[in-house]
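So the structure is just underneath, and the comments pick up after that.
The values are calculated or read from the model by the stated rules, or taken from the named source; none is laboratory data. Here the structure is a predicted model, which is why all the values come from computation and not from measurement. Cβ placement follows ideal geometry from the backbone for every residue including glycine, while neighbour counts extend to all protein chains displayed.
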């Protein structure tokens, strides 16, 4: 099978997808923004061909690249795994007659108000929401629904650009930050615990899935430096009626949005109103989630994704042997890393369960906490018992301190 893959070199994790595709026998045609000599021998050796463009999100440039590839060989699929690349890839698929996620499905997965409308019509429980093109429309929605509300870009990824507002004064201030945006998504705030449900689907049927929990919820984690946030994937997915409900909701979302063969990443909340769907990306999750899924199942999830695309089915089943999670370790202040404390303690207690860690060198500039879970230091671990794994992550977050200034 010949697969055109968008942006094989950046970010670094993209190389895992190329290696997986090549590893299961695909001929990979890379389309990226790096020059060919910058790719390195390993990456270039995993691709049958490579075409450089100035901007992979420019539909005209991406179309030219795929047209070039089609002159070399039959192109069976065009794949993009980054959120911002999805729409361009879908437009080129449609223009060049290549199978894959349709333009309609990609739009529904990118545009949050349209997504919510389609899912409500299919009976999937979601928060009340609207697309607002003016401050007047936002205010009218606030008066009808009440506070708190969530404001976010219509096509943003994850929590990027997302704010909570609790009053008209908050709303007025937040709208100032959106000045220049043609339209934003406005949603009812849903109280409850937050998590995500990820899948690899084949012809609309889930062949692999995982459920993962945030502690605390993302917006709270991104507001406070003192929090060492974490997320942890459960190995109890098949043992609880709650996860049965999560899985059933995910399957209904896939059907309602017309997702066929693709990875997906779905966010959800569970609280006083029960389970509520939040949003979906028709792509793999970010923040190294697939690394945790691989470690928790002793299975290479990147290769599983590639095997589904190339061979029409999974190579292995998930073992659910471990729960696995990551804890982000925030610097005590912005500036430069000065040192760490507590590392010897956690290594002596949990060393056999630690998968890996990222500890920036002394002198490295810190990143803002809003940059996410892997922006600064972090530790990842696994354990056969979910509750034990979570308590270990809590302990590491309390014990390890990143000194900076």
- Query: Give me the pairs: first residue in segment 335-349 and in a loop (DSSP other than H, G, I, E, B), second residue at pLDDT 95 or above, beta-carbon distance under 9 Å, and six or more apart or on different chains, which are they?
  - Reply: 335/365; 335/366; 335/404; 342/396; 342/398; 342/399; 342/400; 342/401
- Message: Looking only at segment 126-136, how many residues end up being touching a strand residue (DSSP E or B) at 6+ places or on another chain (Cβ under 8 Å) and without any contact (Cβ under 8 Å) to a residue 12 or more places away in the chain?
- Response: 0
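Table: residues versus (1) assigned to a helix (DSSP H, G or I); (2) within 19 Å of residue 276 (Cα to Cα).
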residue	(1), (2)
91	yes, no
106	yes, no
113	yes, yes
116	yes, yes
119	yes, yes
124	no, yes
130	no, yes
151	no, yes
- Out of 342, 351, report the one residue that is modelled with pLDDT of 95 or more and either in contact with a helix residue (DSSP H, G or I) (Cβ under 7 Å, 6 or more places away or on another chain) or under 17 Å from residue 231 (Cβ atoms) (or both). 342
- Note on the structure: Looking across segment 82-94 at residues that are crowded, with 23+ Cβ neighbours inside 10 Å and closer than 13 Å to residue 31 by Cα, the single one that is nearest to the chain's Cα centre (by Cα) is 89
- Query: In segment 50-80, what count of residues is obtained for those that are in contact with a helix residue (DSSP H, G or I) (Cβ under 8 Å, 6 or more places away or on another chain), closer than 26 Å to residue 281 by Cα and part of a helix (DSSP H, G or I)?
  - Reply: 4
- Note on the structure: Only one of 149, 108 is touching a residue at least 40 places away in the same chain (Cβ under 8 Å) and in contact with a strand residue (DSSP E or B) (Cβ under 8 Å, 6 or more places away or on another chain), namely 149
- Quick check: anything in segment 313-324 within 19 Å of residue 378 (Cβ to Cβ), in contact with a strand residue (DSSP E or B) (Cβ under 9 Å, 6 or more places away or on another chain) and in a strand (DSSP E or B)? yes
